[in-house]
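Structure record follows, encoded as structure tokens.
The values are calculated or read from the model by the stated rules, or taken from the named source; none is laboratory data. Remember, it's a predicted structure, so these values are computed and weren't measured experimentally. Cβ placement follows ideal geometry from the backbone for every residue including glycine, while neighbour counts extend to all protein chains displayed.
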Amino acid sequence: MKPAPSADSATALAEISFVHGGTEPFTVAGYRIGQRALQEFKLARGSILIEVEHHAPDDVQWASIVDGVQVATGVSPGKLNLHLMKSPVGDVSTVIRDRRTGKTLVFRLSPQFTAHFAGLTHDRLDAAGVDVMSLPDEQIFVMATSQ
């Protein structure tokens, strides 16, 4: 799926930047993950029915994914529906659950995405994030479903 390029994308990027301080590709990927979860669950942004558990190492590149998820979904630690769990670099995932049905989606960045965007120099991050906003989901992440 490819999001419609429009003023909506510019608004989303501004919101991501406000929360995270920039529009790095991994943060924008998190936003796209959150959008897809809301679509799959047919839930609105801010719904208390969504719960997120993000597994990442203590590294900004990997942890920043959750900032994008937070912007897209409206989850937060204060609502007790956003949890950050420590994991090794090779086991980064975002687990998003619909509390009313128990349906769970597990998202992992695609190896191609990671290879392309990991290690970019700081001066290229925001422009790369803008590019991520228009990529098809399949180029950003892999999604698995469990119940």
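The single condition among (1) touching a Phe, Trp or Tyr at 6+ places or on another chain (Cβ under 9 Å); (2) modelled with pLDDT of 95 or more that Val52 does not meet is (1).
How about the stretch 26-51: which of its residues are assigned to a strand (DSSP E or B) and surrounded by fewer than 24 Cβ atoms within 10 Å (Cβ to Cβ)? Correct list: Glu51 only. For Ala128, the conditions (1) closer than 20 Å to Arg45 by Cα; (2) touching a residue at least 60 places away in the same chain (Cβ under 8 Å); (3) of a type outside the set (Val, Ile, Thr) all hold with the exception of (1). Scanning the stretch 19-36 for residues that are touching a residue at least 40 places away in the same chain (Cβ under 8 Å) and farther than 11 Å from Leu125 by Cβ yields Val19, Ala29, Gly30, Tyr31, Arg32, Ile33, Gly34, Arg36. If you filter the stretch 101-125 down to residues that are free of Cβ contacts under 8 Å to residues at least 40 places away in the same chain and assigned to a helix (DSSP H, G or I), you find that the one that is farthest from Gly30 (Cα to Cα) is Asp123. Scanning the stretch 92-137 for residues that are exposed (fewer than 11 other Cβ atoms within 10 Å of the Cβ) and either within 18 Å of Val19 (Cα to Cα) or not β-branched (Val, Ile, Thr) (or both) yields a total of 7. Within the stretch 85-100, the set of residues being touching a residue at least 12 places away in the same chain (Cβ under 8 Å) and in a helix (DSSP H, G or I) comprises Val89, Asp91. The numbered conditions (1) under 28 Å from Lys42 (Cα atoms); (2) surrounded by fewer than 19 Cβ atoms within 10 Å (Cβ to Cβ); (3) out of contact with any Phe, Trp or Tyr (no Cβ under 7 Å at 6 or more places or on another chain) are all true for Val66 except (2). Just one of (1) among the β-branched types (Val, Ile, Thr); (2) without any contact (Cβ under 8 Å) to a residue 60 or more places away in the chain; (3) in a strand (DSSP E or B); (4) in contact with a helix residue (DSSP H, G or I) (Cβ under 7 Å, 6 or more places away or on another chain) fails for Val71. It is (3).
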